[in-house]
Amino acid sequence: MQYQEKAGLIKTKKEDESMYLQDIFGLDGKVAVVTGGGRGIGQVIACGLAKAGAEVVVISRSGAEETVRMIEKDGGKSYDLRADVTDEPQVEQALASILERSGTIDILFNNAGICMHQSTMEATVEEFRQVVDTNLTGEFIMARAVGRIMIERGIKGSIINMASMSGTIVNIPQWQCSYNASKAGVIHLTKSLAVEWAQYGIRVNSLSPGYIATPMSVDLSPQELIDAWIPLMPLGRMGKPEELIPPVLYLASDASGYTTGSDLIVDGAYSCQ
Ligand SMILES: NC(=O)c1ccc[n+]([C@@H]2O[C@H](COP(=O)([O-])OP(=O)(O)OC[C@H]3O[C@@H](n4cnc5c(N)ncnc54)[C@H](O)[C@@H]3O)[C@@H](O)[C@H]2O)c1
C-alpha cells in the first residue's frame, strides 16, 4: 500500500476490520433529520434511516405522528417537530429543540417539496415563487441552518438534498416549469455547498428520482396522465419509495465518504433517453 502513503492517505483501523462492508452502511448512534416526512418519500426514508440505526427527527408542517408510530413499532427511535421549511425562524427553533433533545445532527434528508402542473402562460408569478420558495429556498434555509450547526460543532455530517430528474430533463406531457427550474437549482445549490463545506468534512449530495408512486405524483395526477407516463419509462413502471432507501443510506452513511457534490439519479434510465 505504499502508493496510498505516497498520496498522503492514511488507512483507518475500520478499513482493516472484516465487518467493514456490513458496518459501513449503518447509522448507529447518528441523528437524522427528515423534512416533509409525514407522508410519501419522506415517510418511507425516515423509516429506512431508523432501521439502519439512526434516531430520526421528522419535521413537517402538520405533524408526522404516523411516521413516528411506524418507526417506534419497528423498535426505532423517533419524534416529530412542526416547521415550515420556508420560514427561517421556525426552522431555527426546530433545530434548537433537536440539539436540546438529541444533542447533535449528523444527517439531513432535505426532502420537503411541492409541484404544480400548469403551462408557463397559465402560471402566475406568485405560483412560480411558491414552488421555488419551497423547493429551492426552503432547502437552502434548511441546509444552511444544519450546515451552520455542523460547522460550529465540528460534525462531519451528510446533507442530502432532494432534487429530481426534472432538474435535468423536461417532463412531458404535463408542463411544470417552476418545478423543473427549482430542482435544477437544487442540483447546483448542492454542488456549491459541497465545494464550500468540503473543508469542514461536510458532504452534500442531491438525490434525483424519476417518477415515484406517492401522494404527490399519483394522488394529484389524473389516471390519463399516469397512463401517458408509463410508456416513457424504460423499466415500464414507476419507482417505489422503498427503492430510494438504499441510495439514501449510501449517501447518509460512511459508505459515501468520497462522494460529495454528486447528483445521484435514480430514475430507471428515464433521463438517458
Ligand atoms: N414522487 C415523485 O415522483 C418525485 C420524484 C422526484 C422528486 N420528488 C421529490 O421528493 C420530495 C417528496 O415528494 P413526495 O412525492 O413524497 O411528495 P408528497 O407531496 O407526498 O410529500 C411532500 C411532503 O413535503 C411537505 N411539505 C411541502 N411543503 C412544505 C413546507 N413548506 N414545509 C414543510 N413541509 C413541506 C408536505 O407536507 C409533504 O408531507 C419532493 O421534494 C419532491 O419534489 C418526488
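Bridge orientation summary for the chain: considering DSSP beta bridges with both residues in this region, about 0 percent are antiparallel.
Where does each of 67, 137 land when they are ordered by accessible area, with a 1.4 Å probe and the largest first?
Per-residue accessible area, sorted high to low, gives 137, 67.
Separation of region 177-232 and region 34-63, taken as the distance between their Cα centroids, equals 17 angstrom. Residue-wise HN-Hα couplings along region 91-101, as the Karplus relation 6.51 cos²θ - 1.76 cosθ + 1.60 with θ = phi - 60° gives them from phi, are 5, 4, 5, 5, 5, 5, 5, 5, 5, 5, 7 Hz; Gly and Pro carry x. Database remark: amide H of residue 59 closer than 5 angstrom to the amide H of 34, 35, 36, 37, 81 (H placed geometrically; neighbours at sequence offset of 5 or more, or on other chains; Pro and chain starts carry no H).
Stretched out straight at 0.36 nm per residue, the stretch from residue 235 to residue 192 would grow longer than its current Cα-Cα span by 12.3 nm. Each stretch of four or more DSSP H residues adds -39500 (n - 2.57); spread over every residue of the chain, this sum gives -11500 deg cm²/dmol at 222 nm. Between the amide H of residue 265 and those of 208, distances stay under 5 Å, these residues lying 5 or more places away or on another chain, with hydrogens modeled in the peptide plane.
For the chain, a simple Cβ point-charge model (Lys and Arg +1, Asp and Glu -1, everything else neutral) yields a dipole of about 540 debye relative to the Cα centre.
For region 230-273, the Kirkwood estimate of the hydrodynamic radius, built from every pair of different alpha carbons, is 12.0 Å. Computed over protein heavy atoms with a 1.4 angstrom probe, the accessible surface ordering of 88, 66, 55, largest first, is 66, 88, 55. Accessible surface of the chain, 1.4 Å probe: 54 percent of it comes from carbon and sulfur atoms. Taking all protein chains as they are arranged and a probe of 1.4 Å, the heavy atoms of residue 117 leave approximately 80 Å² accessible to solvent. Each residue of region 149-165 was assigned a 3J(HN,Hα) from its phi angle through the Karplus curve 6.51 cos²θ - 1.76 cosθ + 1.60 (θ = phi - 60°); the sequence is 4, 5, 5, 4, 9, x, 8, 8, x, 10, 10, 10, 8, 7, 9, 4, 4 Hz, with glycine and proline shown as x. Where the alpha-carbon atoms of the chain are placed on the principal axes, they occupy 58, 42, 37 Å, in descending order.
Taking amide H atoms as placed 1.01 Å from N in the peptide plane, the amide H of residue 108 lies under 5 Å from those of 33, 158, 159, 160, each 5 or more residues away in sequence or on another chain.
Across region 70-85, computed HN-Hα scalar couplings (Karplus, 6.51 cos²θ - 1.76 cosθ + 1.60, θ = phi - 60°) run 4, 5, 5, 4, 8, x, x, 10, 7, 8, 10, 9, 9, 6, 8, 5 Hz from first to last residue, x flagging Gly and Pro.
The values are calculated or read from the model by the stated rules, or taken from the named source; none is laboratory data. None of the values given here were measured: they were computed from a predicted structure. Here Cβ is always computed from backbone atoms with ideal geometry, including for glycine, and neighbour counts include all displayed protein chains. Only protein heavy atoms, including side chains, enter the accessible area calculation; ligands, DNA and RNA are left aside. Shrake-Rupley method; radii C 1.70, N 1.55, O 1.52, S 1.80 Å.
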